[in-house]
Amino acid sequence: MNADIKNKIIKYSKEIGIDKIGFASADPFVTMKERLRVQQENGFQSGFEKGTLEERTKPDLLLPQAKTVISIALAYPSKMKNAPRSVKGDRRGIFCRASWGEDYHHVLRRKLNLLEEFITNMYPEERCRSMVDTGELSDRAAAERAGIGWSGKNCAVITPEFGSYVYLGEMITTLSMEEDTPIEDQCGTCNKCVDACPTGALVQGGQLDATKCIAFLTQTKTMLPERYRKKLGNRLYGCDTCQTVCPENKGIDEHRHPEMEPDPEIVKPSLEPLLTISNKEFKNKYGKISGSWRGKKPIQRNALIALAVFKEETSLPSIIKVMNEDPRPVMRGTAVWALKEIAPTAETKHLLQSFKTKEEAPEVLEEVEKALADLSSQGGMYV
């Protein structure tokens, strides 16, 4: 009977475009709980996590009498067609691959809703609870136990078919079903992701210091610590480094879902126009992608940093305008840093000295003082 139910669910999942599905017991996730406890004790959490340690590792706290966790995976593209080039005068930023196309939370939620409806139509007495990324339960732990893939050293679930380029979601249900067998770890001695991490956020295989992770840093709304700024490069949201270096992702590029296809002008946008984009314009252009969830402020701050990394001199008038006119201290302070990075000249020093007399925000004044000190220490033409 259980096998028959499971086969029906698997068959239906294929019909609605779920690329991979797995079934796991709803027993407590003991190993994940210990991993999360260590992460918490070491101060490695991002602050975006939802729920207590108990809620994140005990499915029956989220759905009483839970018997099974159904994990699903949808493969997303890793390559973009007709990507615009980033050239002098039109420098481009980039959104990570997980933010290409329609917000994956909506895409997976629709699939899970259909799956939930299918199950409850067959078994009205059974209950289900679905979640995608923002729920309490760990997507990674559920997918690992359900045989979707193994948990890589880059803290992503790696599937044999699609590498780690998959979105994950899960459903807790009171319906009892046969469990799938987890896939053994296949990372072996490979350490490429750990070695390539720009900030050393992968402190060991499978352990992430989220506070150092560029994917997290691009989403913060405060002044970005100076030690991380140049490491951002032209990233506006997220980071793909630990995925692009993974041998398991070599040659993987799935285009299975039209709604996940990237619009090149949205996911690789011109940087300078972002500095002055209005809330309405931002929502209209970027509102459908997951990278917009924190609003325009982090994206704009990151655009300033990217222009500075590019040393884009043509953007100086726009950066100076932000420094003088933007009402947000984080933007003014970042503009001060960007100005100094692009144009370490005597003229910049005079501009900053004049600007300093009218600025009141402590965090901005701190950036001005640091910039002036840097310019003075360089000597010669800069003093």
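The values are calculated or read from the model by the stated rules, or taken from the named source; none is laboratory data. It should be emphasised that the depicted structure is a prediction, and the values quoted were computed from it without experimental measurement. Note that each Cβ is placed from the backbone with ideal geometry, even for glycine, and that neighbours are counted across all protein chains shown.
Data table
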item: Scan of region 137-179 for residues that are closer than 22 Å to residue 122 by Cβ and in a loop (DSSP other than H, G, I, E, B), ordered by number; result: 146, 174, 175, 176, 177, 178, 179
item: Region 332-354 - residue that is crowded, with 21+ Cβ neighbours inside 10 Å, without any contact (Cβ under 8 Å) to a residue 60 or more places away in the chain and more than 19 Å from residue 92 (Cα to Cα) and, of those, farthest from the chain's Cα centre (by Cα); result: 348
item: Qualifying residue in region 195-206 (condition: surrounded by 20 or more Cβ atoms within 10 Å (Cβ to Cβ) and either over 19 Å from residue 309 (Cα atoms) or small (Gly, Ala, Ser) (or both)); result: yes
item: Subset tally (residues that are over 24 Å from the mean Cα position of the chain (by Cα), exposed (fewer than 14 other Cβ atoms within 10 Å of the Cβ) and not aliphatic (A, V, I, L, M)) for region 50-89; result: 5
item: In region 26-36, the residues that are modelled with pLDDT of 70 or more, closer than 15 Å to residue 182 by Cα and surrounded by fewer than 17 Cβ atoms within 10 Å (Cβ to Cβ); result: 27
item: Cross-chain or 6+ apart pairs with Cβ under 9 Å, region 191-203 first and at negative phi, then charged (D, E, K, R) and in a helix (DSSP H, G or I); result: 198/231; 199/227; 199/231; 202/195
item: For residue 273: the one exception among (1) part of a helix (DSSP H, G or I); (2) surrounded by fewer than 22 Cβ atoms within 10 Å (Cβ to Cβ); (3) in contact with a Gly (Cβ under 6 Å, 6 or more places away or on another chain); (4) not acidic (Asp, Glu); result: (3)
item: Members of region 277-297 that are assigned to a helix (DSSP H, G or I) and surrounded by fewer than 21 Cβ atoms within 10 Å (Cβ to Cβ); result: 279, 280, 281, 282, 283, 284, 285, 292, 296, 297
item: Lone unmet requirement of (1) closer than 23 Å to residue 236 by Cα; (2) free of Cβ contacts under 8 Å to residues at least 60 places away in the same chain; (3) of a type in the set (Gly, Ala, Ser) for residue 303; result: (2)
item: Residue match in region 180-192 (condition: in a helix (DSSP H, G or I), at pLDDT 95 or above and under 24 Å from the mean Cα position of the chain (by Cα)); result: yes
item: Breaking point among (1) at pLDDT 95 or above; (2) under 30 Å from residue 283 (Cβ atoms), for residue 133; result: (1)
item: All positions within region 190-238 that are polar (S, T, N, Q) and within 30 Å of residue 329 (Cβ to Cβ); result: 199, 211, 218, 219, 220, 222, 234
item: Matching residues, region 225-240, being out of contact with any Phe, Trp or Tyr (no Cβ under 8 Å at 6 or more places or on another chain), touching a residue at least 40 places away in the same chain (Cβ under 8 Å) and either surrounded by fewer than 22 Cβ atoms within 10 Å (Cβ to Cβ) or assigned to a loop (DSSP other than H, G, I, E, B) (or both); result: 230, 233, 239, 240
item: Selected residue (only one of 251, 169, 149 is over 17 Å from the mean Cα position of the chain (by Cα) and surrounded by 23 or more Cβ atoms within 10 Å (Cβ to Cβ)); result: 149
item: Residues of region 329-362 satisfying the condition of being acidic (Asp, Glu) and closer than 19 Å to residue 230 by Cβ; result: 341
